[in-house]
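K.L.:
Dumping the structure here so I can ask a few things about it.
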Amino acid sequence: QYSVELIDTFPAKLEEINVQFLFQTSKNKALFDNTRQSMFERTAESGYASTSVTGAYSGMYVRDTSIQILAHVACGDYDQARKILNYTFAYHETYPSNYAIHVMDNDAAPISTLMQVDTTFFLLHAWYQFAANAPDTAENREFIERYIDKVKIFAEFYFLTGYFNEELGLLRNPSLEHSREGSYFNGYDLLTNVYASQALHELSLYFQDFDPESAAAWATYADTIASGIHKNLVAEVDGKTIYAEMQAIDKIYSVTGEKTADDTFYVGFSWVNLAPMGAHWYAMDDEIMNNTYEKYQEYGSAVYYKKYPMLEACVTYQKPEAYHERAVIGKGLAWELMYC
């Protein structure tokens, strides 16, 4: 919570410091305001919001779009959030799909329809946050009602089409978009299942008054997945239980499209291990999450600018051939800050 300038002046014993720190310094406020303004400026009147302001990525990635919606809801920008949500759901009516696609284009056919299961639940999580928090206006009610059936289709799709493993209590994601090894992973990962559990839990709360049958089914799935995570996506590191990254089945190298078998249980560490933080997951075990963060710091920290230890985007805990992605990734840093 302290600025870099204050950190540089700290004596050895931090507990002795008594500093009245104001987060809203002029520099921090400018950073926040400029970033928020950028999100408005990149959004067309139609609700199309390009993921990249530089053009490095073409199109509107639904997972990233969902995070932008969450940010607008958190800031009280409900009209902006509704505009982007409306474009996203309308797009899935124009180009029909029973799951949230990978990359939308600006009033044109999708750039990628690759199925990434986590994307659907990121979107449903964002939809719920809007529906539960937006002012009760006629315009908001009309929007929510317009796509309520699509929300149900998205929520039910993977349980009707063989992606849910009842034995494991987990959803399989055929193409998790990861930082690890430049690959899409097919398997059972923490990110997908945490966000699925959270979104289904939220939908069960929202639907319980007018569709109790669906609400009860989603609540059961949410709790079943939570139990599956705590049975099958945890690991022991130095005698402590942590949230593990994933059980892979195979992977596709994103550049060449080469597919290889990869029956590996990845302990971590990467931003995927931090998913319970990002989702504010209702079923998160505090001790396991604390252990996860502690061990990620121990095995996945790198010193930047010869001074500041920060979590790497990705590091393989399993030895002897450890994989490192020397980078700090935005969502990982944000989720760490949220947790702190």
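The values are calculated or read from the model by the stated rules, or taken from the named source; none is laboratory data. What you see is a predicted model; the values in this text were computed from it and never measured. Backbone-built Cβ (ideal geometry, glycine too); neighbour counts: all protein chains shown. Note: accessible area is taken over every heavy atom of the protein model, side chains too, but ligands, DNA and RNA are not part of it. Shrake-Rupley method; radii C 1.70, N 1.55, O 1.52, S 1.80 Å.
K.L.:
Considering only the range 77-93, I want to know if a residue exists there that is closer than 21 Å to GLU177 by Cβ, in contact with a strand residue (DSSP E or B) (Cβ under 8 Å, 6 or more places away or on another chain) and open to solvent by 50 Å² or more (accessible area, probe 1.4 Å).
P.N.:
No: zero hits.
K.L.:
For the range 141-197, give me each residue that is among the hydrophobic types (A, V, I, L, M, F, W, C), more than 20 Å from PRO96 (Cα to Cα) and either open to solvent by 20 Å² or more (accessible area, probe 1.4 Å) or assigned to a strand (DSSP E or B) (or both). Let's see the steps before the verdict.
P.N.:
Our first condition is that a residue be among the hydrophobic types (A, V, I, L, M, F, W, C); within the range 141-197, this holds for 143-144, 148, 151, 153-155, 157, 159-160, 164, 168, 170-171, 176, 185, 190-191, 194, 196.
Next cut, more than 20 Å from PRO96 (Cα to Cα) only: 164, 168, 170-171, 176, 185, 190-191, 194, 196.
Residues satisfying the conditions are PHE164, LEU168, LEU170, LEU171, LEU176, PHE185.
K.L.:
Okay, next question. For the range 287-299, which positions are surrounded by fewer than 16 Cβ atoms within 10 Å (Cβ to Cβ) and within 19 Å of TRP271 (Cβ to Cβ)?
P.N.:
ASN290, GLU294, GLN297, GLU298, listed by residue number.
K.L.:
Now, a different point. Residues to consider are TYR61, TYR57; find the one that is within 24 Å of VAL117 (Cβ to Cβ) and open to solvent by 60 Å² or more (accessible area, probe 1.4 Å).
P.N.:
TYR57
K.L.:
When residues of the range 222-248 are filtered for being open to solvent by 20 Å² or more (accessible area, probe 1.4 Å), in contact with a Phe, Trp or Tyr (Cβ under 8 Å, 6 or more places away or on another chain) and either modelled with pLDDT under 95 or not in a helix (DSSP H, G or I) (or both), how many remain?
P.N.:
Residues that pass the stated criteria total 2.
K.L.:
Right, another one. Tell me which residues, restricted to the range 212-221, are in contact (Cβ under 8 Å) with a residue 60 or more places away in the chain and open to solvent by less than 40 Å² (accessible area, probe 1.4 Å).
P.N.:
Passing the criteria: SER214, TRP218.
K.L.:
Please verify whether the range 198-221 includes one or more residues that are closer than 18 Å to THR292 by Cα and either within 16 Å of the chain's Cα centre (by Cα) or not acidic (Asp, Glu) (or both).
P.N.:
no
K.L.:
Of all residues in the range 94-130, which are polar (S, T, N, Q) and surrounded by fewer than 19 Cβ atoms within 10 Å (Cβ to Cβ)?
P.N.:
Answer for the range 94-130, where residues must be polar (S, T, N, Q) and surrounded by fewer than 19 Cβ atoms within 10 Å (Cβ to Cβ): THR94, SER97, ASN98, ASN106, SER112, THR113.
K.L.:
Oh, and also: Quick one: would you say GLN318 is free of Cβ contacts under 8 Å to residues at least 60 places away in the same chain, in a loop (DSSP other than H, G, I, E, B) and surrounded by fewer than 16 Cβ atoms within 10 Å (Cβ to Cβ)?
P.N.:
Against the criterion (free of Cβ contacts under 8 Å to residues at least 60 places away in the same chain, in a loop (DSSP other than H, G, I, E, B) and surrounded by fewer than 16 Cβ atoms within 10 Å (Cβ to Cβ)), GLN318 qualifies.
K.L.:
If you don't mind, there's one more thing I want to ask. Looking at (1) at positive phi; (2) touching a residue at least 60 places away in the same chain (Cβ under 8 Å), can you tell me which one GLY162 breaks?
P.N.:
Only one criterion in (1) at positive phi; (2) touching a residue at least 60 places away in the same chain (Cβ under 8 Å) is unmet by GLY162, namely (2).
K.L.:
Only residues that are in a strand (DSSP E or B), open to solvent by 10 Å² or more (accessible area, probe 1.4 Å) and not hydrophobic (A, V, I, L, M, F, W, C): list them for the range 265-281, please.
P.N.:
TYR266 - this is the single residue of the range 265-281 that is in a strand (DSSP E or B), open to solvent by 10 Å² or more (accessible area, probe 1.4 Å) and not hydrophobic (A, V, I, L, M, F, W, C).
K.L.:
Conditions: (1) open to solvent by less than 50 Å² (accessible area, probe 1.4 Å); (2) touching a Leu at 6+ places or on another chain (Cβ under 9 Å); (3) modelled with pLDDT under 95; (4) not in a strand (DSSP E or B). ALA302 meets all but one. Number of the miss?
P.N.:
Condition not satisfied by ALA302: (4).
K.L.:
Return the residues of the range 30-39 that are within 21 Å of the chain's Cα centre (by Cα) and not charged (D, E, K, R); say none if nothing qualifies. Lay out the reasoning, then the answer.
P.N.:
So the first thing to find is which residues in the range 30-39 are within 21 Å of the chain's Cα centre (by Cα), and the list is 32, 35-36, 38-39.
PHE32, THR35, SER38, MET39, listed by residue number.
K.L.:
Out of MET284, MET310, report the one residue that is farther than 25 Å from ILE225 by Cβ and buried (at least 16 other Cβ atoms within 10 Å of the Cβ).
P.N.:
None of the other options fit; the residue is MET310.
K.L.:
What number of residues within the range 249-264 are open to solvent by less than 60 Å² (accessible area, probe 1.4 Å) and without any contact (Cβ under 8 Å) to a residue 60 or more places away in the chain?
P.N.:
3
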